1. In this structure, does Ile222 turn out to be more than 30 Å from Glu68 (Cβ to Cβ), assigned to a strand (DSSP E or B) and of a type outside the set (Phe, Trp, Tyr)?
2. Scan region 174-192 residue by residue and report those that are surrounded by fewer than 22 Cβ atoms within 10 Å (Cβ to Cβ), within 30 Å of Gln238 (Cβ to Cβ) and of a type outside the set (A, V, I, L, M, F, W, C).
3. Which condition breaks for Tyr21 when tested against (1) crowded, with 18+ Cβ neighbours inside 10 Å; (2) at pLDDT below 95; (3) touching a strand residue (DSSP E or B) at 6+ places or on another chain (Cβ under 6 Å)?
4. Considering each residue of region 85-134, count those that are among the hydrophobic types (A, V, I, L, M, F, W, C), surrounded by 17 or more Cβ atoms within 10 Å (Cβ to Cβ) and not in a strand (DSSP E or B), and give that number.
5. Starting from residues that are among the aromatic types (Phe, Trp, Tyr) and over 24 Å from Gly117 (Cα atoms), keep the ones in region 202-248 and report whichever is surrounded by the fewest Cβ atoms within 10 Å (Cβ to Cβ).
6. For region 37-66, how many residues meet the condition of being surrounded by fewer than 20 Cβ atoms within 10 Å (Cβ to Cβ), part of a strand (DSSP E or B) and among the small types (Gly, Ala, Ser)?
7. Which of the residues belonging to region 146-176 are touching a strand residue (DSSP E or B) at 6+ places or on another chain (Cβ under 7 Å), assigned to a loop (DSSP other than H, G, I, E, B) and either under 18 Å from Gly80 (Cα atoms) or at pLDDT below 95 (or both)?
8. Consider region 119-137. How many of its residues are of a type outside the set (Gly, Ala, Ser) and over 12 Å from Ala156 (Cβ atoms)?
Amino acid sequence: MQKCVTFKAPLNEKFPESSNYFIMRLNNRASDSLRPVSVEWNIQPSADASLLIRTGNTHVICGVSIEEKVPPFLKESGGGWITAEYGMLPCATSSRYKREGASGKSGRTHEIQRLIGRSLRMMVDLTQLGERTLRVDCDVLNADGGTRTASITGAALAVRAALAKMVADGRLAIMPDIMPIAAISVGIVKGVPLLDLDYAEDSQAEADANFVMSGDKHWIEIQSTAEGAPFSHDAFLQMTTLAQKGIQELFSLWSDQS
């Protein structure tokens, strides 16, 4: 049976006092507000765990498959592995996105799926998994900015659900200790730091960044890039503060997991 969990971030009309601009966001969203987020569980019944995460108009299916084997470099180690694959469906973007099955994955795709895998491996002590691989597939149904961060946030929830299923099935004796993780984007548009960029905002940002954080408020990864001109250390700190606020709100999804 499917369960859908939804929350809407509160609106706040205050913008950074240092800004010389007023940024009108879609639905009057404040500079420090997330887009509406929802999670629908068991979207792929054949998976060991699956969900559909929606962040605004960005929609990603995250599915986990458990394999009773590990990569060659981990054989006879007793430890497990978590890896990820990422892809966009052709009609996820405004112009058709070419399928990568025939032509091979782009550098962008390789970069994103490595980021997802690195992040997920921070969740759990891999030695507690036994010699198993959790293979996580993140497929973007609709892309409106923040696809990699939505993938990480959704995939982390799905990994926890897959581990719980392994315990229920008797494949794991006890539930491993799990560290929640989540991710969000932040950018600077017309001098204003904005949380959780949609595509229109991201396409005109002077700087943009992706932040991945653990539940104990430690950073897992930060990717930050200037577009056109460098940005100041103070601007980076403002983005970091916004990211931490947004990620703490995303952690509320963990308390609602089925």
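1. Yes; evaluated as a whole, the condition is true for this residue.
2. Matches in region 174-192: Pro180, Lys190, Gly191.
3. Just one mismatch for Tyr21, condition (1).
4. 8
5. Phe236
6. Counting residues in region 37-66 that are surrounded by fewer than 20 Cβ atoms within 10 Å (Cβ to Cβ), part of a strand (DSSP E or B) and among the small types (Gly, Ala, Ser) gives 2.
7. Passing the criteria: only Pro176.
8. Residues flagged as of a type outside the set (Gly, Ala, Ser) and over 12 Å from Ala156 (Cβ atoms) within region 119-137 amount to 10.
The values are calculated or read from the model by the stated rules, or taken from the named source; none is laboratory data. Note that the coordinates shown come from a computational prediction; the quantities given were computed from them, not determined experimentally. Please note: Cβ atoms are built from the backbone with ideal geometry, for glycine as well, and neighbour counts cover all protein chains shown.
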